[in-house]
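Notes follow once the structure below has been shown.
The values are calculated or read from the model by the stated rules, or taken from the named source; none is laboratory data. Every value quoted in this text rests on a predicted model; they were computed, and no experiment measured them. Counting neighbours? That spans all protein chains shown, and the Cβs are built from the backbone with ideal geometry, glycine included.
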Amino acid sequence: MTCLRQLFPVLLLLGAAVAGLCAEPPASPIGASVRVVSQTVGTDELLLALAAPEQVAALSHLARDPAFSAVPGEARSYPQLTVGGDAESILRYAPTLVLFANYSRAELVVQIRRAGVRVLIFDRYDTLDDTYANLRLLARELGAEAKAERLIGDCQARMTALAARLRRVKSVRVIAPSPYGMIPGRNSTFQDLCDHAAAENLAATLGHLEGHAVPPSEQMLTWPVDYVVVAGADLESALAPYRTLPPYEYMPAVREGRAVLLRPCLLSCVSHYRIDGYEMLARTLHPEAFQ
Amino acid sequence: MILSARLARLALPFTLLVLGVLAVVALGAGDMPLSPARVWAGLWHRDELAATVLWQMRLPRVAVAMLVGAALSASGLVMQAYFRNSLASPGLLGVSSGGAAGAVIAIALGWAAFSLWALPLTAVVGAVFATGAVLVLAQRGASTERLLLAGVALNALLGAVTSYVLSQYAGLYERNTQILFWLLGGLEDRTWEHVLMGAPILVAAAALWPLGRPMDLLCLGEREAQSLGVDVRWLRRRLLALATVLAAVATAIAGTVGFVGLIVPHVLRLLVGPEHRRLVPLALVGGAAFVLACDLAGRAAGGLRLGIVTALVGGPFFLWLLRRHP
Amino acid sequence: MVAAASSLNALEITGATVPGRIDGVSLQLAPGLLVGLVGPNGAGKSTLLQVAAGLLPATGGVTWNGRPLAAIPTLERGRCATWVPQEARFEFGFSVRSVVAQGRFAHGDDDQGVEEALARLDLTTLAGRPVNRLSGGERERVLLARALATGAALQLWDEPLAPLDPRHALEVLHLARELTRAGTTMLFSLHDLRVANCLDMVVVLQAGHLRAAGPPAAVLTPDLLHEVFGVRARITEGLTLELP
């Protein structure tokens, strides 16, 4: 008798397990209309560029944060996921398609699939060509292929124009300082920005840093930095923390205020909005080319 | 012993009842708003969406919560008997920090995004490796003092590994967030695979069940117990193995959740006395109920991580209990 | 329970050596003897008792009733002999009754003889008290009651009289005498040589070596006492000791 009572939770568990394994996920919801939930900020930007308003069910928890999202204003008209949310918090928006990145939690993706919802995982987003491919992929799901081609056409035109302006320009030497001890080197979105704005990322060429890494602080003082690239709302407040932070406070570029400003989201952008970053950086580093 | 003998006998059925109630409440709680009618319909597969949510999401979550609570609580109880100290916890010998190191490496290197088995498996490997390393470091009969010192050393070392990985991936916001969230413990998106991975907990609990009486003798002195007929070497090895398996698997499927192994057995012992024949089943059921309750409380409070809730709940309650009954 | 053939020794130790503690100690105890183990501090009394109980590995051999220790499985050892430590450290609050009942572990946890053991050690009123809230003497009596409850034929007690008040010490000695009359063999260490003088056999250890073993009259001579303990002894009706 006592034994049975003590076994009760075990039996409950086993029963649930058996039943769970036998349970079938429901068939996909009826209706041809597409409703998309975007789980990462990169896919937010792609989605808002291509989808009709009724196709957007919810955006990622960073969509309205100007530090990470290039479309904070537009994102405000749509619901937002919570940080660390689970599958249920996505399913409550009744999506037909959910957009993930290759670093999204495996169990979250599995749960969404098991609910019978279509899943799209983006695993290449380093270069602009990757972005074009992602746009086309997403457009196919939304039935917005024409819109995507138009957008890609615009992007390519801007890129050609930018390249033309920067053809005879001399490369400017830059770094992107950070207050938490790591700066971007090769294979980072900042490197991508520099490559398209005729800038030389000294962290990569002189520091040989890969990804985000700790720079050699003492050596860094000897680097011939022309400009530091900082992120924030305005130049003075963005540069201010570095004026009192070693080793940056000793750098001539910081002391003399040779800094350029980027919107914070552009330093981590993986969508087509990175072109805004290329243009913004190029314009501030090479004003003579934009006369 | 705070409860009278009569009340102590009712402790287990009462705790089972509480567990049952909490499980029912947990099935009705989640981000997807489901009315009780829909929950009922979903349980019987009459409402497809509700059925998916209940059977694929909420039931596994409840099951994992119960498994983790039972495992951590039982592991703490065993450690307290093993070290003859009611303040011992499962993490003393490096199980949690080993699991954390393994899991953090899996997330950072992207294995965790590849397959949902990767993270728990690396966590278990890390946990078992840590305990094995402690035993090797302690060596030769592994006396209590040597084990504790080796555990301290390994906890420090593995903590450094975890911190190193965290620092290296600081630039990757998403991954860092995942690591941090895992380190704070959490039960979102638990699947039936996680429940399956938690099955060793049931096996270990069953193996622990008959060891209650020898544990009584052991915790009053190893040599005395040996003289009374307990095979102390065998028992200590068995207890250590069980405590490790329980804590390692629990950490693997829910992240590092602290305080359950320290608080629950200690509080139960204060309430119903130190007899392990009573404490073992009570720790299993009580731990399950405790973690389930903490998960519900955390979700009600707007998404507090499980590890934070257990600490917030466990600490002050423990202090209160001590003040009432020194 | 008592050896059928009276020629078998209840306890036989041959050449036991624990490095740094005892060296080449050999001892034979016939069944039903009340034996006292004496010696200065650090002589190795506790060590010898643990070796006899099979709790400390030593070179040389130990047999109980003619059976070598290695051949007796652990559970059965619990039925054959009981060791009581010098000091009772109870870290948890088990009730007195449940600790004494632990003595029945090797007998399948029945409760035979538990109440009796509690009564003999004057613990009946304390039976429900948690053991970590007892005085030193009361804790010692709990240990002894637990040992009594095992019903083992060989009892090895380490300084059982030390924490006890005079009345309880006397009661324990009476209990020990009764047990030996029923066939139990008792070996316990003690410091009071006047008590040792009243036992069946005295074993004297000095610096890890066996100095003497036999009836007290033969062993506790003034010369030996002076040599081992550094005191002057006079034998009158009993034994009187004074400083040199």
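A few notes on this one:
- Candidates A:A67, A:A32, A:A19, filtered to the one that is surrounded by fewer than 20 Cβ atoms within 10 Å (Cβ to Cβ), in contact with a Cys (Cβ under 7 Å, 6 or more places away or on another chain) and at pLDDT below 90: A:A67
- Every pair of residues 6+ apart whose Cβ atoms lie under 6 Å, when the first sits in the stretch B:103-129 and is more than 9 Å from every other protein chain (Cβ to nearest Cβ) while the second is aromatic (F, W, Y): B:A103/B:W182; B:A108/B:Y169
- Candidates in the stretch C:156-208 are the residues that are part of a loop (DSSP other than H, G, I, E, B) and hydrophobic (A, V, I, L, M, F, W, C); of these, the one that is nearest to C:G44 (Cα to Cα) is C:A207.
- Residue tally, condition surrounded by 15 or more Cβ atoms within 10 Å (Cβ to Cβ) and either at pLDDT below 80 or within 13 Å of chain A (Cβ to nearest Cβ) (or both), over the stretch B:145-172: 6
- Restricting C:A147, C:A152 to residues that are closer than 16 Å to C:A10 by Cβ and assigned to a loop (DSSP other than H, G, I, E, B) narrows the list to C:A152.
- Helices (runs of 4 or more DSSP H) (entirely within the stretch B:186-281) containing at least 2 residues that are over 18 Å from B:F83 (Cα atoms): B:192-197, B:199-208, B:232-254, B:260-272
- Out of C:A117, C:A81, sole residue that is of a type outside the set (S, T, Y), farther than 24 Å from C:R167 by Cβ and modelled with pLDDT of 90 or more: C:A81
- So B:G185, is it more than 14 Å from chain A (Cβ to nearest Cβ) and either at negative phi or under 20 Å from the mean Cα position of the chain (by Cα) (or both): no
- Of all the residues in the stretch B:221-265, those that are within 11 Å of chain C (Cβ to nearest Cβ) and at negative phi number 13.
- Condition check for B:M79: of a type in the set (A, V, I, L, M) and either at positive phi or within 11 Å of another protein chain (Cβ to nearest Cβ) (or both): no
- Of the listed requirements (1) within 9 Å of chain B (Cβ to nearest Cβ); (2) surrounded by 18 or more Cβ atoms within 10 Å (Cβ to Cβ), C:R97 misses just one: (1).
- Residue match in the stretch B:9-18 (condition: of a type in the set (F, W, Y), part of a helix (DSSP H, G or I), without any contact (Cβ under 8 Å) to a residue 40 or more places away in the chain and surrounded by 19 or more Cβ atoms within 10 Å (Cβ to Cβ)): no
- The one condition in (1) within 19 Å of B:S89 (Cα to Cα); (2) away from chain A (no Cβ under 14 Å); (3) touching a residue at least 12 places away in the same chain (Cβ under 8 Å) that B:V291 fails to fulfil: (2)
- 2 or more residues within 14 Å of another protein chain (Cβ to nearest Cβ): qualifying helices (runs of 4 or more DSSP H) within the stretch A:30-109: A:41-50, A:87-91
- Taken across the stretch B:195-211, residues that are in contact (Cβ under 8 Å) with a residue 60 or more places away in the chain, more than 8 Å from chain C (Cβ to nearest Cβ), closer than 23 Å to C:L49 by Cβ and touching a helix residue (DSSP H, G or I) at 6+ places or on another chain (Cβ under 6 Å) do not occur at all.
- Entry remark, the stretch C:68-82: residues being more than 8 Å from chain B (Cβ to nearest Cβ), more than 19 Å from C:M186 (Cα to Cα) and surrounded by 14 or more Cβ atoms within 10 Å (Cβ to Cβ) number 1 in total.
- Test result for A:V174, under 19 Å from A:A259 (Cβ atoms), touching a residue at least 60 places away in the same chain (Cβ under 8 Å) and β-branched (V, I, T): yes
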